[in-house]
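Asker: My questions will all concern the structure given below.
The values are calculated or read from the model by the stated rules, or taken from the named source; none is laboratory data. Bear in mind the structure is a predicted one, so any value in this text is a computation, not a measurement. Cβ: placed from backbone, ideal geometry, glycine included. Neighbour counts: every protein chain shown.
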Amino acid sequence: MEPASSKTAVDEFGGVDILVNNAGILRDKSFANMETAEIESVLEVHLRGAFYVSQPAFRVMKDNGYGRLVFTSSNAGLFGNFGQANYGAAKAGLVGLANVLAIEGMKYNIKSNVIAPVARTRMTEDLLGPFAEMVDPNQVTPMVVFLCSESNEYTHEIFTAGGGRYGRVFIGTNEGWFAGQGAVPSVEELSEHLDEIRDTTEHIIPSNINDELMLLGQMLAG
């Protein structure tokens, strides 16, 4: 697959203000039985496709000082689902891409967000069964339209939408356990502090890697 060109859109509309990466296919199979072609095809469409379409659009948005990007991820990528190793990996990859573009696009007024929809489509109607009738794709539309709108000031976020429910999904980190500056704890010491390591009572939602490094830096500084 070769990188896409934004020339047609620019010639027709004078620019590129909005991009929704929504292309996808399914090649579901248990991981042990999944063939190479089934891995490559899903990664190609979902992840590489988004790269190739987003890059030329991002360049136009950067030059114009404005843009709205929406990446369609999935709860399979965020939380996991049996038989969807290829799909889940691709959808999780889109979150990483969206996060980086949110950071790189910040000073150019480019907002980059992720949508994790639950909706009846040709891909999902057989998987969802009777539940499919309760999750009309039109119920996802308002969230996508808002994220694409000029009034949206949110970026670097993940939103779930489906069946009338709308929420935020986030990746956070806790304070954890600090073994001490220069310390290399034994496995036994580490295991003794696993409750503290895993405690999510208090946490932060980093907006970039520096936020987590600052947390470490505070501990190193005492």
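Asker: Within region 150-171, work out how many residues are closer than 28 Å to I204 by Cβ and either of a type outside the set (D, E, K, R) or touching a His at 6+ places or on another chain (Cβ under 6 Å) (or both).
Answerer: Taking region 150-171 as the starting set, the residues that turn out to be closer than 28 Å to I204 by Cβ are 151-162, 165-171.
Cutting the leftovers down to either of a type outside the set (D, E, K, R) or touching a His at 6+ places or on another chain (Cβ under 6 Å) (or both) gives us 151-152, 154-156, 158-162, 166-167, 169-171.
Count: 15.
Asker: If I filter region 172-196 down to residues being part of a helix (DSSP H, G or I) and of a type in the set (A, V, I, L, M), which single residue comes out as surrounded by the most Cβ atoms within 10 Å (Cβ to Cβ)?
Answerer: L190
Asker: Right, next: What number of residues in region 130-154 are assigned to a loop (DSSP other than H, G, I, E, B), among the aliphatic types (A, V, I, L, M) and at pLDDT below 80?
Answerer: So the count comes out to 1.
Asker: Out of (1) of a type outside the set (K, R); (2) at pLDDT below 95; (3) part of a helix (DSSP H, G or I); (4) buried (at least 19 other Cβ atoms within 10 Å of the Cβ), what's the single condition that is false for F58?
Answerer: (2)
Asker: Okay, next question. Checking F159 against (1) buried (at least 16 other Cβ atoms within 10 Å of the Cβ); (2) modelled with pLDDT under 95; (3) aromatic (F, W, Y): exactly one of these is not met. Which one?
Answerer: The one condition F159 does not meet is (2).
Asker: In region 166-220, what residues are out of contact with any Phe, Trp or Tyr (no Cβ under 7 Å at 6 or more places or on another chain) and among the acidic types (D, E)?
Answerer: Those that are out of contact with any Phe, Trp or Tyr (no Cβ under 7 Å at 6 or more places or on another chain) and among the acidic types (D, E): E175, E188, E189, E192, D195, D199, E202, D211, E212.
Asker: Condition (residue is outside any helix (DSSP H, G or I), closer than 24 Å to F146 by Cβ, hydrophobic (A, V, I, L, M, F, W, C) and under 15 Å from the mean Cα position of the chain (by Cα)) applied to region 21-34: is it met by at least one residue?
Answerer: Going residue by residue through region 21-34, those that are outside any helix (DSSP H, G or I) are 21-30, 34.
Remaining after also requiring closer than 24 Å to F146 by Cβ: 21-24.
Those left that are additionally hydrophobic (A, V, I, L, M, F, W, C): 23.
After this cut, where a residue has to be under 15 Å from the mean Cα position of the chain (by Cα) as well, the list is 23.
Yes, region 21-34 has at least one match.
Asker: Separate question: Any idea which residue in region 65-77 is farthest from S41 (Cα to Cα), counting only those that are modelled with pLDDT of 95 or more and surrounded by fewer than 19 Cβ atoms within 10 Å (Cβ to Cβ)?
Answerer: G65
Asker: Somewhere in region 32-41, is a residue modelled with pLDDT of 95 or more, β-branched (V, I, T) and exposed (fewer than 12 other Cβ atoms within 10 Å of the Cβ)? Lay out the reasoning, then the answer.
Answerer: Looking only at region 32-41, we keep the residues that are modelled with pLDDT of 95 or more, and these are 32-41.
Then keep just the ones that are β-branched (V, I, T); that gives 36, 39.
Among the residues that remain, those that are also exposed (fewer than 12 other Cβ atoms within 10 Å of the Cβ) are: 36.
Yes: one or more hits.
Asker: Here's a follow-up. Which of the residues that make up region 78-98 are surrounded by 23 or more Cβ atoms within 10 Å (Cβ to Cβ) and not hydrophobic (A, V, I, L, M, F, W, C)?
Answerer: Matches in region 78-98: Q84, N86, Y87, K91.
Asker: While we're here: Pick out the one residue from E196, E212 that is free of Cβ contacts under 8 Å to residues at least 60 places away in the same chain and under 30 Å from L101 (Cβ atoms).
Answerer: Only one candidate qualifies: E212.
Asker: Any residue at all in region 107-127 that's modelled with pLDDT of 95 or more, surrounded by fewer than 16 Cβ atoms within 10 Å (Cβ to Cβ) and at negative phi?
Answerer: Yes; the residues of region 107-127 include at least one that is modelled with pLDDT of 95 or more, surrounded by fewer than 16 Cβ atoms within 10 Å (Cβ to Cβ) and at negative phi.
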